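The values are calculated or read from the model by the stated rules, or taken from the named source; none is laboratory data. These numbers were taken from a predicted model, which means no experiment stands behind them. When we count neighbours, we look across all protein chains shown, and the Cβ atoms used for this are built from the backbone with ideal geometry, even at glycine. Heads up: the accessible areas ignore ligands, DNA and RNA and are worked out on the full protein's heavy atoms, side chains in. Shrake-Rupley method; radii C 1.70, N 1.55, O 1.52, S 1.80 Å.
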Amino acid sequence: QVQLVESGGGLVQPGGSLRLSCVASGINFSVYRMGWYRQAPGKQRELVAAITSGRTTDYIDSVKGRFTISRDNTKNTVYLQMNSLKAEDTAVYYCNSRLVSRDFWGQGTQVTVSS
């Protein structure tokens, strides 16, 4: 059974930082592309950052220079380091693993940026 378990969300002030973690089980983690998506109220889910099995990374423009995605294949874990957080980063963040037609999601973790 595949499981993706996110953690690290919470309430943070504008300009603050959070690090999200996602631990995967039930998959050969190292060969999967891993991604972080987010969904704000009333908006569509969007891809925030992704990292391939070869560690190539990609980001949406709005987080470039502020967010960093990384992976530790020895721990089956993907991270999202989020710095200089803004109110518009507020959303539920979801971990995703993808390999060809195999697509798995975590349950999501809430990130709220507010003073």
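Restricting the first member to region 73-99 and to residues that are open to solvent by less than 60 Å² (accessible area, probe 1.4 Å), and the second to residues that are acidic (Asp, Glu) and not in a strand (DSSP E or B), the beta-carbon pairs closer than 9 Å and six or more apart or on different chains are Met82/Asp89. With respect to the conditions (1) open to solvent by less than 40 Å² (accessible area, probe 1.4 Å); (2) out of contact with any helix residue (DSSP H, G or I) (no Cβ under 9 Å at 6 or more places or on another chain); (3) of a type outside the set (Val, Ile, Thr), Ser70 falls short on a single one, namely (1). Candidates Glu6, Glu46: the one that is in contact with a Cys (Cβ under 7 Å, 6 or more places away or on another chain), among the acidic types (Asp, Glu) and at pLDDT 95 or above is Glu6. Name the residues in region 1-48 that are closer than 12 Å to Ala91 by Cβ, under 14 Å from the mean Cα position of the chain (by Cα) and among the basic types (Lys, Arg), would you? Within region 1-48, Arg38, Arg45 qualify.
Return yes when Gly65 is in a loop (DSSP other than H, G, I, E, B), farther than 20 Å from Val12 by Cβ and either of a type in the set (D, E, K, R) or open to solvent by 40 Å² or more (accessible area, probe 1.4 Å) (or both) and no when it is not. So Gly65 does not fit the description; no.
Hey, among the residues in region 38-61 that are out of contact with any helix residue (DSSP H, G or I) (no Cβ under 7 Å at 6 or more places or on another chain) and among the β-branched types (Val, Ile, Thr), which one's surrounded by the fewest Cβ atoms within 10 Å (Cβ to Cβ)? Result: Thr56. Here region 13-36 is the region considered, the condition is being open to solvent by 20 Å² or more (accessible area, probe 1.4 Å), part of a strand (DSSP E or B) and touching a residue at least 60 places away in the same chain (Cβ under 8 Å), and the residue that is farthest from Leu99 (Cα to Cα) is Leu18.
Considered as a group, the residues in region 37-60 that are among the hydrophobic types (A, V, I, L, M, F, W, C) and assigned to a strand (DSSP E or B) include one that is nearest to Lys75 (Cα to Cα), and that residue is Ile51.
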